[in-house]
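First up is the structure itself, then whatever we jot down about it.
The values are calculated or read from the model by the stated rules, or taken from the named source; none is laboratory data. Here the structure is a predicted model, which means the values were calculated and not measured. So basically every Cβ, Gly included, is an ideal-geometry build from the backbone, and we count neighbours across all protein chains shown.
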Amino acid sequence: MKKNLFKIFSIIVVLSIFSCSDVSVNTTENENIADVEAEIIVDNENESDMDQDQDIIPDDEPGCTCDTVEGDEDGDGIPNTVEGCLDSDWDNIPDCMDEDSDGDGIADKRECLIQPCVDTDEDGTPDYLDRDSDNDHLSDKKELDEGTNPYIADTDRDGTKDGAESKFGTDPLDPESRPPDGFYYVMLDYGGDEEKLLIDFTTSGVELDIVTMFDVTGSMQYPFEKIKEQVLSVINEDLPAKEDDFFIFGIVEAPYNVVLPVTHDKDVFNASISEVFKPYGNYEILLETIYQTTVGDGFSSQIGYYFGNNSENIEDVIFSSQSCEGQIGNVGGLCFREDASHLVVLFTDQEINEIPSEEEVKYTRYYDDVWVEGEEKGHNQQETLLAMSFNHVKIIIVNTSFNCDNDGNNCKIDNYDNDNHDYFSEMTGGVDSYGNSLSFHTTDKAGNGIREKLADAIEALTEYSEKDVTLNFEGSYIADNSDVYTTDVIKSFRPFQADPAENIEKMEDIFFYKVKPETKLTFELTLQIDSYLPGVSWDNISEFTVKLMSGDQVLGIRVVRFYYYIENGPNF
């Protein structure tokens, strides 16, 4: 019934066109267009069957002829014979008579200033017919609304396309508002074009900034003085012979408290060791301490011990941001040198764990350290490892944990934390030339056995040789009950550029060969969704990890986070 009413109304409109004497019709062609539009409206429900070429003219009737007539019917500077009778925006006006053929809010005469018309994204569709002229996954109309440039895929030139920034919540107009260091954002379409993504790594410098990080919570009281004694021996007597200023030194406590930003002066370092407080605290907060040591942007929250349904022993957590004015370097919370490698040596008897929020464990009878409900949550493991990779911070963890009897005797090494410690070392480059973790355990509960192992580990990290490097990818299932991995969107990758170019021997296939220190390496990834990915028809976000590898050694990590939309995917 609704369709019949619509037809009656449409016919009345058509009759009105021909009966009103004040309507001026200049040409027979215009009359024909009016007839055609009326006919299309009346037979709208059969449009897909009758108009296979999308020219708004039923295939069995004559109509729009401006595609064969010289001139420029709509005055947009594009000849009729170029625009033709197609109706690209389905507004019942043929392109040759439509001042905005793609309906993006930008007039054709602005999108086609010269002939042939510009095709910004080189996808075969000129801008005046392309609703996303720069292929940044943000429509031209949306770009006008947001103030971005519809002809520049990355308006603020920060390395992330406008559509990805808009979707993931950063500002496409502000170069300082971009994905966190180490993250890359990209938009992919089901069955869409290939997306090229450039990913950068920089090989670390050869000089080494060494920071000793002391866990100053109560459980570390027994081995504490022996640890400090051996650290002083390593720094003052056991380091390999190098040129002046090859090594510099700093001290930080966990929970995060900077005792000494990195310095050349061993005497200052020696004196500062005595300022490290004897263990006293309740909460290690190791992961956030490592993050702040790496980044130094500050953090505040509240932490408590969750038991039953309540937080107990609540303490304020205030980690101040670090100013590096007047310091040797300007990187992170310890003011590392920008062109050096950075090593954190952590002494602890605990795992490096993420602390959950109180909301995550509420009413579960789970008890542990928690961020108090309503307070900011600390950085997670992924964010911390990425920050460490981006700022060239390696970590070696010295485990002091022992299991003893009730009298403190018959102590045995507690290996429970070792896998966790090794993982952090392996992911940050705290490894030997074979990729083996340099983290280790003290030989007894008193803290002995540090000096020789730590000296050997530091020496291993100063032996840099030119490396052949490539990428390795690590993903996960894209959805439950799926056999599709997030890495399946990677179609190929290749070395793209080295800076400076003379710092490599060559780049070929998937490798950079004989890479020297302090070399920026850029790889190009080709991404595409060419098979169905599970998900819903709106927001789907997945990710995969990219590792820069030399043999089994991880030199750096990045994370690619991609958004995909499956509206046009197959029906399952």
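Per the conditions (1) outside the structural domain of residue 89 (by TED's automatic domain parsing); (2) aliphatic (A, V, I, L, M); (3) part of a loop (DSSP other than H, G, I, E, B), the sole criterion not satisfied by residue 188 is (3). Screening the stretch 366-383 for residues that are touching a Phe, Trp or Tyr at 6+ places or on another chain (Cβ under 6 Å) and outside any strand (DSSP E or B) and picking the one that is surrounded by the fewest Cβ atoms within 10 Å (Cβ to Cβ) gives 367. In the stretch 268-287, is there at least one residue being loosely packed, with under 14 Cβ neighbours inside 10 Å, β-branched (Val, Ile, Thr) and within 19 Å of residue 335 (Cα to Cα)? Yes: one or more hits. Sub-7 Å Cβ pairs linking a first residue in the stretch 109-135 that is at positive phi and assigned to a loop (DSSP other than H, G, I, E, B) to a second residue that is buried (at least 18 other Cβ atoms within 10 Å of the Cβ) and hydrophobic (A, V, I, L, M, F, W, C), at least 6 apart or interchain, are 135/153, ordered by first then second residue. Residue count for the stretch 136-166 satisfying the condition of being surrounded by 18 or more Cβ atoms within 10 Å (Cβ to Cβ) and assigned to a helix (DSSP H, G or I): 8. Applying the set (1) acidic (Asp, Glu); (2) part of a strand (DSSP E or B); (3) at pLDDT below 95 to residue 468 leaves exactly one unmet item: (3).
Yes/no matrix, rows are residues, columns are (1) crowded, with 16+ Cβ neighbours inside 10 Å; (2) at pLDDT 90 or above:
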{"site": "291", "(1), (2)": "yes, yes"}
{"site": "311", "(1), (2)": "yes, no"}
{"site": "321", "(1), (2)": "no, yes"}
{"site": "325", "(1), (2)": "no, yes"}
{"site": "343", "(1), (2)": "yes, yes"}
{"site": "347", "(1), (2)": "yes, yes"}
{"site": "358", "(1), (2)": "yes, no"}
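Residues that are within 39 Å of the chain's Cα centre (by Cα) and in contact (Cβ under 8 Å) with a residue 40 or more places away in the chain within the stretch 90-108 comprise 104, 106, listed in sequence order.
Rundown of residues vs (1) more than 22 Å from residue 519 (Cα to Cα); (2) of a type in the set (Asp, Glu), yes/no style:
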position	(1), (2)
172	yes, no
177	yes, no
180	no, no
200	no, yes
205	no, no
211	yes, no
214	yes, no
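Filtered by the rule that a residue be in a loop (DSSP other than H, G, I, E, B) and touching a residue at least 24 places away in the same chain (Cβ under 8 Å), the stretch 384-407 gives 391, 392, 400, 401, 404. Test residue 504 against the criterion of being more than 23 Å from residue 207 (Cβ to Cβ) and of a type in the set (A, V, I, L, M, F, W, C), and give yes or no. Spelling it out, it is not the case that residue 504 is more than 23 Å from residue 207 (Cβ to Cβ) and of a type in the set (A, V, I, L, M, F, W, C).
Determine whether the stretch 451-459 contains at least one residue that is outside any strand (DSSP E or B) and more than 28 Å from residue 346 (Cα to Cα). The answer is no; no qualifying residue exists. Restricting the stretch 293-309 to residues that are touching a strand residue (DSSP E or B) at 6+ places or on another chain (Cβ under 6 Å), over 30 Å from residue 340 (Cα atoms) and not β-branched (Val, Ile, Thr), which is surrounded by the most Cβ atoms within 10 Å (Cβ to Cβ)? Among those residues, the one meeting the criterion is 306.
Scanning the stretch 61-88 for residues that are over 18 Å from residue 115 (Cα atoms) and modelled with pLDDT of 90 or more, which turns out nearest to the chain's Cα centre (by Cα)? Looking at the filtered set, the residue picked out is 88.
Within the stretch 408-445, track down each residue that is among the hydrophobic types (A, V, I, L, M, F, W, C), surrounded by 16 or more Cβ atoms within 10 Å (Cβ to Cβ) and outside any strand (DSSP E or B). Selection gives 424, 427, 438.
Filtering the stretch 107-119 to residues that are buried (at least 20 other Cβ atoms within 10 Å of the Cβ) and more than 20 Å from residue 69 (Cβ to Cβ) leaves only 111.
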